[in-house]
1. Please list 3J(HN,Hα) in residue order for segment 129-134, calculated via the Karplus relation 6.51 cos²θ - 1.76 cosθ + 1.60 where θ = phi - 60°; whole Hz, with x for glycine and proline.
2. Using Cα pairs under 8 angstrom and six or more residues apart, how large is the relative contact order of the chain, in percent?
3. How many percent of the accessible area of segment 1-119 is carbon or sulfur, using a 1.4 Å probe?
4. Quick one: compute a quarter of the convex hull surface over the Cα atoms of segment 128-193 and quote it in nm².
5. Where only protein heavy atoms count, and the probe is 1.4 Å, what is the accessible area per residue for the chain in Å²?
6. Taking the Cβ of LYS170 as the center, what net charge do the other residues with Cβ under 14 Å away carry, scoring Lys and Arg +1 and Asp and Glu -1?
7. How much net charge surrounds SER123 when only other residues with a Cβ under 12 Å from its Cβ are counted (Lys, Arg +1; Asp, Glu -1)?
8. Counting only protein heavy atoms and using a 1.4 Å probe, what share of the accessible area of segment 133-193 belongs to carbon plus sulfur, as a whole percent?
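The values are calculated or read from the model by the stated rules, or taken from the named source; none is laboratory data. Just so we're clear, the structure is a prediction, and the values are computed from it rather than from any experiment. Glycine also receives a Cβ, built like all others from the backbone with ideal geometry; neighbour counts cover every protein chain displayed. These accessible areas exclude ligands, DNA and RNA; they are computed on the full protein's heavy atoms, side chains included. Shrake-Rupley method; radii C 1.70, N 1.55, O 1.52, S 1.80 Å.
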Amino acid sequence: MIAKPKKSDISVIADLHMLSLPNELLSKLGRKFLTEIYSEALNDKEALFFISKTEKNLNGFIFLSKDSGAFYKKLIARRFFKVGMIIIEQLRDDFSLLGKLISTARYLLFSKAEPAPEILVFSVHPDMQRNGIGSTLLKTLEDRLADAGIRVYNVKTTSLNRKSNNFYQKNGFEIIKSFNIQNREWSEYRKRI
C-alpha cells in the first residue's frame, strides 16, 4: 500500500534510510539528523513524500522537494539549534564529515542550477528490492507531479551506485550532467513526464 507518511512513521523511515543508504552523508549524520529531515519533510507544503508499507513493515519511501535549496534552508532556519547540535555531536565522533558537509553546502549554495523538483531521497528495503516497490513509488510520485502540472523533475545519485543508475535509466531518466561532491562522482538525471 502506498500512503503519505505519518509522524509515527518517521523513526522507521530514518532507520530504513540508514539501512539502505549506509555510506551516504545523511546516514553518517545519524538517526537523529534523519528524523529532523523527515519531520520537516512531513510538514513541508512543497514536498511530496510517500511510503510503501504492509500491515507490519515499511518497505520503501520517496521524498521529492519542489526546490531542494529552499527545503534545506527551511530545515536550517526552523531547526537550527537542534540540527546544529546533532552535527556537532557527529563531528566529535567523525571529524572527516566536516569536509563532506562543506563540499555539499558549497554545492547547494553556489550551484547555478535553476530550482527544479528533485527527488532528495528514494529508498527501498534491501530485502524488498526488485519486487516493484520502487516502480510503484515512482509512479505514485509522477501521478502527483502531473496533477500539479509539473512535467519535469530531477534526481542525483553517485555514479558508483549501479543499482540506482540502472533503475533510473530503466525508468526513462536521462543523465543531464556529472559532477563531483564529497570527492565522489555524481550523476544528475532528468525525467519528463
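1. Working through the residues one at a time gives 5, 6, 10, x, 5, x Hz.
2. Contact order relative to length: 21 percent.
3. Numbers: 3970 of 6760 Å².
Heavy-atom surface of segment 1-119 belonging to carbon and sulfur, 1.4 Å probe: 59 percent.
4. For segment 128-193, the mean projected area of the Cα convex hull comes to 4.8 nm².
5. Details: 11000 Å² over 193 residues.
Spelled out: the 1.4 Å probe surface of the chain, per residue, equals 57 Å².
6. Values: positive: ARG130, LYS139, ARG162, LYS163, LYS191; negative: GLU174.
Here the count lands on +4.
7. Here the charged neighbours net out to -1.
8. Answer for segment 133-193 is 45 percent, counting heavy atoms of protein chains only.
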